[in-house]
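Q: Starting off with a structure, shown below.
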Amino acid sequence: MKAYYHARAGEYDDWWLGRGLFADRARPGWDDELATLAAALRNLPAARTLDIACGTGFLTRHLPGEVTGLDQSHAMLELARRQAPRAGFVRSDALELPFAPRSFERVFTSFFYCHLVETERPRFLAEVRRVAGEVVIVGSRPRGTEPRARWEERVLADGSRWSVYKRVFEKDELFAELGPGRLVHEGRWFVAVSA
Ligand SMILES: C[S@@+](CC[C@H](N)C(=O)[O-])C[C@H]1O[C@@H](n2cnc3c(N)ncnc32)[C@H](O)[C@@H]1O
């Protein structure tokens, strides 16, 4: 997953924006829902926030309060520094956070928890609980009868092929793993919870 996203950095936001390889995807309501999700994030109470696996900073720029973005890929971080200039950034591994206990009030993480395999999830959540009292997780909602967890074959613009693990979830499935919390956003495409 690390090598794939590093290689994808320059074309990553094409997924958010429906450009490049994503230009032909039929995603009714996607742009409107993205605006609604961004507004829901801006409306969170301001907090000292660590955005884990922040990627290009596409959602980082909407987070209120003092924000630190963390990612393993320097290519992603270079883009994030431009896209979310208010935030500070750190290159590190999400499963071994270089921060003291309770360094943050909130961990935010979007489209990352969904890529962790079963053995990585408890490690990640232990790190999250160590550094902050709240976690906000954003992911994709299931569509139709698609499997909730699967290995997907992904292709980049240079034709390279990658195998990526991905889960989709409903809010209750997230609460079952994270503990009780509240819904931040639920639409056709995205779900976001705070726990
Ligand atoms: C699907 S992207 C999500 C980016 C961003 N959060 C968003 O919603 O647009 C996954 C991100 O996780 C990062 N990543 C993957 N494994 C990581 C790890 N072990 N530690 C830190 N970052 C990691 C990748 O570099 C990539 O930027």
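Q: Residues of the range 126-147 being among the polar types (S, T, N, Q) and surrounded by 14 or more Cβ atoms within 10 Å (Cβ to Cβ), which ones?
A: Initially, the range 126-147 is screened for residues among the polar types (S, T, N, Q), giving 140, 145.
Matches in the range 126-147: Ser140 only.
Q: If you don't mind, another one. Listed residues Val184, Val135, Val164, Val191; which is free of Cβ contacts under 8 Å to residues at least 60 places away in the same chain and in contact with a helix residue (DSSP H, G or I) (Cβ under 7 Å, 6 or more places away or on another chain)? Give the derivation first.
A: Details: Val184 fails: free of Cβ contacts under 8 Å to residues at least 60 places away in the same chain; Val135 fails: free of Cβ contacts under 8 Å to residues at least 60 places away in the same chain; Val164 fails: free of Cβ contacts under 8 Å to residues at least 60 places away in the same chain.
The match here is Val191.
Q: Just to check your reading of the model, which residue among Phe58, Phe22 is among the hydrophobic types (A, V, I, L, M, F, W, C), out of contact with any Cys (no Cβ under 9 Å at 6 or more places or on another chain), farther than 30 Å from Glu105 by Cβ and surrounded by 15 or more Cβ atoms within 10 Å (Cβ to Cβ)? Spell out how you get there, then give the answer.
A: Numbers: Phe58 fails: farther than 30 Å from Glu105 by Cβ.
Step by step, each of Phe58, Phe22 is checked, and only Phe22 is among the hydrophobic types (A, V, I, L, M, F, W, C), out of contact with any Cys (no Cβ under 9 Å at 6 or more places or on another chain), farther than 30 Å from Glu105 by Cβ and surrounded by 15 or more Cβ atoms within 10 Å (Cβ to Cβ).
Q: Sort out which residues of the range 94-120 are of a type outside the set (A, V, I, L, M, F, W, C) and loosely packed, with under 14 Cβ neighbours inside 10 Å, and write them in order of number. Talk me through it step by step, then tell me what you get.
A: Filtering the range 94-120 down to residues of a type outside the set (A, V, I, L, M, F, W, C) leaves 96, 98, 101-103, 105-106, 109-110, 113, 115, 118-120.
Once the filter is applied, which keeps residues that are of a type outside the set (A, V, I, L, M, F, W, C) and loosely packed, with under 14 Cβ neighbours inside 10 Å, the range 94-120 yields Glu96, Pro98, Pro101, Arg102, Glu118, Thr119.
Q: Something else about it: Could you tell me whether any residue of the range 83-104 is more than 11 Å from the ligand (Cβ to nearest atom) and on the phi > 0 side of the Ramachandran plot?
A: Yes, the conditions are met somewhere in the range 83-104.
Q: Then there's this: Inside the range 148-195, can you point out the residues that are aromatic (Phe, Trp, Tyr) and either out of contact with any Lys or Arg (no Cβ under 9 Å at 6 or more places or on another chain) or surrounded by 14 or more Cβ atoms within 10 Å (Cβ to Cβ) (or both)? Can you show your working first?
A: Keep residues of the range 148-195 that are aromatic (Phe, Trp, Tyr), which gives 151, 162, 165, 169, 175, 189-190.
Correct list: Trp162, Tyr165, Phe169, Phe175, Trp189, Phe190.
Q: Applying the selection to the range 1-16, what residues are assigned to a helix (DSSP H, G or I) and within 11 Å of the ligand (Cβ to nearest atom)? Write out each step before concluding.
A: To start, the set of residues in the range 1-16 that are assigned to a helix (DSSP H, G or I) comprises 2-11, 13-16.
Answer for the range 1-16, where residues must be assigned to a helix (DSSP H, G or I) and within 11 Å of the ligand (Cβ to nearest atom): Lys2, Ala3, Tyr4, Tyr5, His6, Ala7, Arg8, Ala9, Asp13, Trp15, Trp16.
Q: Please work out if Arg123 is exposed (fewer than 15 other Cβ atoms within 10 Å of the Cβ), modelled with pLDDT of 95 or more, over 19 Å from Ala176 (Cα atoms) and of a type outside the set (Gly, Ala, Ser). Let's see the steps before the verdict.
A: On the way: exposed (fewer than 15 other Cβ atoms within 10 Å of the Cβ): yes; modelled with pLDDT of 95 or more: yes; over 19 Å from Ala176 (Cα atoms): no; of a type outside the set (Gly, Ala, Ser): yes.
In short, no.
Q: Given the structure, is Leu44 more than 10 Å from the ligand (Cβ to nearest atom), under 24 Å from Tyr165 (Cβ atoms), in contact with a Lys or Arg (Cβ under 8 Å, 6 or more places away or on another chain) and not charged (D, E, K, R)?
A: On the way: more than 10 Å from the ligand (Cβ to nearest atom): yes; under 24 Å from Tyr165 (Cβ atoms): no; in contact with a Lys or Arg (Cβ under 8 Å, 6 or more places away or on another chain): yes; not charged (D, E, K, R): yes.
In short, no.
The values are calculated or read from the model by the stated rules, or taken from the named source; none is laboratory data. Computed from a prediction, not measured in an experiment: that's the story for all the values here. Ideal geometry is used to build each Cβ from the backbone, glycine not excepted, and the neighbour counts take in all protein chains shown.
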